[in-house]
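Notes follow once the structure below has been shown.
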Amino acid sequence: MEPYLTQSRSFVLRARTRNGVFWRSAILTGGSLICLSISPWLSALFGLVFSIFLLRPATAIFCLLGLAALLPQGNLNIFGPEAGEPAIEFILVWAALFLSALLIVRGDWRIGTVTKITLIAAGLGGLITLATSSALVVSIFALAQFLVPLCALSIWLDNLFRPTTCAFEAPYAVAGVLTAFAFGCIGVYVVGNGYEYNKVDFNGLAWQPQIVGLFLAPLAVLILYLRRLSLWLRLTILTVSVGLIWLAWSRTGLGGLVLVAAIEATRFALKKLWKPASASEGSGKRLRRSLSRLGLGGLYAACVIGSLWYASGTSTAVIKPDAPSQLFNLEGYTASRGMPIARSYGNIEGHLATGIGFGVPSDPRLLDPYTAIENLRILKTEGRFEILIDKGNSYVAIFEEAGLLGAPIWLALFFFMLYRVAETGPVGRALAILFLVCALGEAIVFSVSGIGLLHWASLIAAAGFAKQPRRRVSHLVPAEYTYDKLVKNRRAEDRN
């Protein structure tokens, strides 16, 4: 029994505490950012090797996905013109899926309800879009980009309470990645850089200010609940995160945080004011849970319906979707989010039943690879664009891409994932609300790259705060999967 309970040498450097997970994730992210200034390939290799070497396989999935979201969004003026290499994301995302598959092959994990529903929705929605897409190859690549990381996260969520998952580590891993990014931005600010994009809003280590705000909004929520970190450290990270979001003037990120704070404050106040008798404590909890579910469903419906209503009322004079030449300036785009939404709604009216195709850009000129790459290069390096890339709103974008036939399938999948995570507790509910609100200002839900990938990883990681169910241990658990050497009925890390 003793060798089985003693940690093997292969796991010596792996994190054994949640603090260890946080700091290892932060350090390897910092190392990856340093390597990014040398070579994007070296950065991806560094993050891949050290994520697997320093973290458990299930936890490394979140670190890999966090790096896949972060590294390709680097500031080209700091990291060089090759920093936006899309192959970085490809390598790290597929490595995360490989780790999930490896745990299934080893028998540590299994495919459950969440993964099956994801695959069913992907099959139905994919068949519709592939049969009707105006750009088949683009839709195939867009579906793969969306489904590969989502499948890795779905498999993790299916095995939330398995001992090999160590789900409580996931929020610390994501927070570590984002903390390294936040303090890297502080370093850029101290030396007087980080305003290259529009000379007004702070973009730090990212190429665009909005990325800074939407990357750090999940960190501001998560850090409040990472109670194994010291209070001063959590307050410092929270202050830095909110301050950087303000400097970047990310209205979407700020709005999401304000709404989350208001909803959680209201919920806390109602819970304190309404204290049912002990005899009805169970019924009171059930009622609060039902109200929480109704609130999430109502907010989701309001976001979808409100987005379509707003898009329908946006003046089509702002932009003509079929115009042969579409020239935009940064000031006009910043002043009005209605421009991309109006264009998307024009495409909805033109392709109401089936949409233009999953992942297909609103402007058909972007289907030309050379035009798309050159347009993105100008946008990242010069802070201007000739062809507008952004779609402006996730809910309008999915109706534009999938039409009335496919959009309900994808929207149902999104709500199912939100609901599943929100049921795990207040942290999951807060991240679900934040994701919902941020999706109003950015098309990030079904375009899982950069901001979207980061929000999906943060959302699923929030499920790691779920209370572990009490159950009898019928077999010995290897030491690398437990912090309690006696392996009691409830693991030591689950005790508050």
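The values are calculated or read from the model by the stated rules, or taken from the named source; none is laboratory data. Bear in mind that the values here come from a model prediction, so they are computed numbers and not experimental data. As a convention, Cβ positions derive from the backbone with ideal geometry for all residues, glycine included, and neighbour counts pool all protein chains shown.
The table that follows gives values for the structure above.
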quantity: Residue that is nearest to the chain's Cα centre (by Cα) [pool: residues in the range 381-435 that are surrounded by 22 or more Cβ atoms within 10 Å (Cβ to Cβ) and among the hydroxyl-bearing types (Ser, Thr, Tyr)]; calculated: Ser394
quantity: Filter result for Leu376 (in a helix (DSSP H, G or I), closer than 29 Å to Ala262 by Cβ and in contact (Cβ under 8 Å) with a residue 24 or more places away in the chain); calculated: no
quantity: Check on Tyr483, modelled with pLDDT of 90 or more and more than 13 Å from the chain's Cα centre (by Cα); calculated: no
quantity: Filter result (of a type in the set (Val, Ile, Thr), part of a helix (DSSP H, G or I) and more than 18 Å from the chain's Cα centre (by Cα)) within the range 153-202; calculated: Ile186, Val188, Val190
quantity: Number of the exception - Ile389 against (1) without any contact (Cβ under 8 Å) to a residue 24 or more places away in the chain; (2) part of a loop (DSSP other than H, G, I, E, B); calculated: (1)
quantity: The range 214-241, subset more than 12 Å from Phe181 (Cβ to Cβ), of a type in the set (Gly, Ala, Ser) and assigned to a helix (DSSP H, G or I), residue farthest from the chain's Cα centre (by Cα); calculated: Ala220
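Results for (1) crowded, with 24+ Cβ neighbours inside 10 Å; (2) farther than 17 Å from Phe181 by Cα; (3) in contact with a strand residue (DSSP E or B) (Cβ under 7 Å, 6 or more places away or on another chain), shown as yes or no for each residue.
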position	(1), (2), (3)
Ser32	yes, no, no
Ile38	no, yes, no
Leu42	no, yes, no
Val49	no, yes, no
Phe53	no, yes, no
Arg56	no, yes, no
Thr59	yes, yes, no
Leu65	yes, no, no
Ala87	no, yes, no
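Residue-by-condition table, conditions (1) more than 22 Å from Tyr197 (Cα to Cα); (2) at pLDDT below 85; (3) assigned to a helix (DSSP H, G or I):
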{"position": "Leu64", "(1), (2), (3)": "yes, no, yes"}
{"position": "Leu70", "(1), (2), (3)": "no, no, yes"}
{"position": "Ala83", "(1), (2), (3)": "no, yes, no"}
{"position": "Leu92", "(1), (2), (3)": "yes, no, yes"}
{"position": "Leu99", "(1), (2), (3)": "yes, no, yes"}
